[in-house]
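Novice: Quick one: this structure, given as structure tokens, is what I'll be asking you about.
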Amino acid sequence: MNPKVGGIEIIGVVLPGDEILKFNPDRNKERIFIGPGLRWEDNVVRATKPGLLKKTPRKLYYVDTHQKRYIPQRREFVIGIVLKKKGDNYAIDIGGSEKATISYLSFENASKKTRKEMKPGDLIYGQLIVANKDMEPELVCIDMYDRAVGMGSLPEDGLMFSIPLHIARSIVDPENPFLLTISRKVKYTIVVGFNGRVWVKAKKQSDMVAIMNCILMLDVMTIQEATENVFRYFESFSKCEPEALMC
């Protein structure tokens, strides 16, 4: 039986070209989902990247690899930084090799009269609807029913920081106990992008810095170790106040 970490099943190490499984949507009644590092072609799912093949309880298969640069994947949610306006579009930095674009109409209730105005440096949370090597990535901040469902511009009074891509993918799992453990210590709002960017908002700036440092612990600790150290870290951090940001 394959080991599980935080509810995610670790199937094993794969290399590009390895056959993961055969899947014919016309014959297989069971649905599966293909994530980053995998490709479905001729009814066969194969790996496109080296790394650990993992499977979530919702039957999402993906390859967990410690890559530094984000490679855009269709339907993934990302945090972008507005660079400039280009006609009816905005150029967005999502951490990839190519800049993404988003139309002013790709927001809830947007029209020519009520178009979304953004300035360089603004943060947005959206979903990629175009992501391939032949076209520049394209973002939207609405779902198929033209609803925002949490997407859109992020408030300026939050804190954004970057984490390794594999950590971002692990903490968005609803069965991961780490973020829930932090919420028992402080009330906060968090947005995690698959491109390795995290935005967090709490009542005090010192709490936001503490949350950031707790999440960064995952780069040197397992989820279990970091979870066990959350309360201990907040206790030591609180002793530094009012000089908390300097400790």
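Novice: Kindly establish whether E241 is acidic (D, E) and at pLDDT 85 or above. Step through it out loud before you land on a result.
Specialist: Working: acidic (D, E): yes; at pLDDT 85 or above: no.
Here the answer is no, as E241 does not meet what is asked.
Novice: Pick out the one residue from R31, R39 that is modelled with pLDDT under 90 and not in a strand (DSSP E or B). Walk me through it before giving the result.
Specialist: Values: R39 fails: not in a strand (DSSP E or B).
Of R31, R39, the one residue that is modelled with pLDDT under 90 and not in a strand (DSSP E or B) is R31.
Novice: Quickly run through segment 1-20 and pick out the residues that are loosely packed, with under 14 Cβ neighbours inside 10 Å and modelled with pLDDT of 85 or more. Let's see the steps before the verdict.
Specialist: The first filter runs over segment 1-20 and keeps only residues loosely packed, with under 14 Cβ neighbours inside 10 Å, leaving 1-4, 7, 12-13, 15-17, 19.
The answer is G12, V13, L15, P16, G17, E19.
Novice: L165: open to solvent by less than 30 Å² (accessible area, probe 1.4 Å), over 30 Å from K49 (Cα atoms) and touching a residue at least 60 places away in the same chain (Cβ under 8 Å), yes or no? Explain how you work it out, then say what you get.
Specialist: Details: open to solvent by less than 30 Å² (accessible area, probe 1.4 Å): yes; over 30 Å from K49 (Cα atoms): no; touching a residue at least 60 places away in the same chain (Cβ under 8 Å): yes.
For L165, the condition - open to solvent by less than 30 Å² (accessible area, probe 1.4 Å), over 30 Å from K49 (Cα atoms) and touching a residue at least 60 places away in the same chain (Cβ under 8 Å) - is not met.
Novice: Kindly state which strands (runs of 3 or more DSSP E) lie completely within segment 89-145 and contain at least 3 residues that are under 17 Å from the mean Cα position of the chain (by Cα) and free of Cβ contacts under 8 Å to residues at least 60 places away in the same chain. Break it down stepwise before answering.
Specialist: Numbers: elements: 89-93, 100-103, 123-132, 135-140.
Correct list: 123-132.
Novice: Checking L216 against (1) assigned to a strand (DSSP E or B); (2) touching a helix residue (DSSP H, G or I) at 6+ places or on another chain (Cβ under 9 Å); (3) open to solvent by 30 Å² or more (accessible area, probe 1.4 Å); (4) not polar (S, T, N, Q), which single condition isn't satisfied?
Specialist: Only one criterion in (1) assigned to a strand (DSSP E or B); (2) touching a helix residue (DSSP H, G or I) at 6+ places or on another chain (Cβ under 9 Å); (3) open to solvent by 30 Å² or more (accessible area, probe 1.4 Å); (4) not polar (S, T, N, Q) is unmet by L216, namely (1).
Novice: I81 - would you say it is part of a strand (DSSP E or B), more than 30 Å from P155 (Cα to Cα), of a type in the set (V, I, T) and in contact (Cβ under 8 Å) with a residue 40 or more places away in the chain?
Specialist: Working: part of a strand (DSSP E or B): yes; more than 30 Å from P155 (Cα to Cα): no; of a type in the set (V, I, T): yes; in contact (Cβ under 8 Å) with a residue 40 or more places away in the chain: yes.
No; evaluated as a whole, the condition is false for this residue.
The values are calculated or read from the model by the stated rules, or taken from the named source; none is laboratory data. Note that the structure is predicted; figures quoted are calculated from it, not measured. Heads up, the Cβs are rebuilt from the backbone with ideal geometry, glycines too, and the neighbour counts pull from every protein chain shown. Protein only, heavy atoms only, side chains kept; ligands, DNA and RNA dropped before computing areas. Shrake-Rupley method; radii C 1.70, N 1.55, O 1.52, S 1.80 Å.
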